[in-house]
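The values are calculated or read from the model by the stated rules, or taken from the named source; none is laboratory data. From a predicted model like this one, the values you see are computed outputs, not experimental measurements. Note that we place each Cβ from the backbone using ideal geometry, even for glycine, and neighbour counts take in every protein chain shown. The area values use the complete protein model at the heavy-atom level, side chains included, leaving out ligands, DNA and RNA. Shrake-Rupley method; radii C 1.70, N 1.55, O 1.52, S 1.80 Å.
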Amino acid sequence: GPSRASPLLIARRAERLQRRRWVREYTRVRGRFGGDPAKRRSAGLDPRFVLRAYAWLFEQMQDPSRISPAEWPDRLDDLKQLLAFELSGHEGRGGDDDNDRDEPPTAIGYELMPALTRAITRLPAEQGVQIWQPILALGGQAHYIVRNFVENWFLHFASSGDMTLIARHWRAMIEFALASPKWSSGRGWFHGQRMMCRLLGCGSELSLDQIAAVRSVVHGMRDLYASWAKDYLGREEDHIAYICGFLSSTSGSLLRFEGIQWLDNAAKAEDAHSWHRSTTGAAMVDFLDVVLSKNADEVLANGSVRNALLRLVAILVKRQVPAALALQERASAALSRG
């Protein structure tokens, strides 16, 4: 069968050999051969070569259901070895050097992320965490590869069909990200907070809405959404638009009442002074319009939600958001019955 060779170990050996060659040349002909070897970075093992060598694995992972139980341990080991190779170029980033920029996934990474997400949906929690945690642990400073993983997670979200298992993985990922300083602080804080929205499902509504069970899964994680809203909703204006889009969807529909109160609390904290982007007001108008269309009777019966909704509408009108006046008239008519 395929070799159990480690691409990362091979790359490390190649780097050591190359560095020794640099040192010899630099010592022999100082100044003529490149620069100081201590300041040069070795390319190690070419990812394109590794990609060709593991083409058979990525072909198998297109449909993991065809992999026999006896083969799974070896396939998982292969995936972990490739992941270690891919992440080696991202570890250690996030220092004070402004030139220490994040880089997108390699050719291996773009094939590896969908294969990993397909694998996770079929693994028990204790095995799945061994795959996703090293990726999410990189945080905002490695936002290209983390975002690619999250996007693939939702793309292959229901590939196994076991939503109980998938929900367990998803909850664990969100809990980990919420607890990790690398997602909310440091030089990559902005990217980390934006990726947190993506990990909550914002931006993947079209895919998630195709899976009926997602509504109850999201509702079962309402404590995590509430924790995020309390700590982060008011920090960045884009978060308002993201969560409004999610709450407008079928997947987030069971969190709408709580979401109205989250938005109301964020507005009170900020006095809505920092809401200056047109997308923010438009997203909130769309969300509140959905609530009035689908949940008006329930809002009418819930005084705290009704008052919070009317306060949000008033803010939108005050800020002269397009369609806010029409929304106010509709809200007044719908919520003054009885």
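Each Lys or Arg adds one and each Asp or Glu subtracts one; over the other residues with Cβ under 14 Å from the Cβ of His219, this totals +2.
Computed in the context of the full set of protein chains, the accessible area of segment 183-257 at 1.4 Å probe radius has 52% of its extent on carbon or sulfur.
With 0.36 nm allotted per residue and the present C-alpha distance subtracted, the Asp46-Ala323 stretch has 94.3 nm of extension available. The local environment of Ala119, defined by Cβ-Cβ distances under 11 Å, has a net charge of +3 under the rule Lys, Arg +1 and Asp, Glu -1. Backbone geometry of segment 123-135 corresponds, through the Karplus equation with coefficients 6.51, -1.76 and 1.60 at θ = phi - 60°, to 3J(HN,Hα) couplings of 10, x, 4, 5, 8, x, 5, 5, 8, 7, 5, x, 6 Hz, x marking Gly and Pro.
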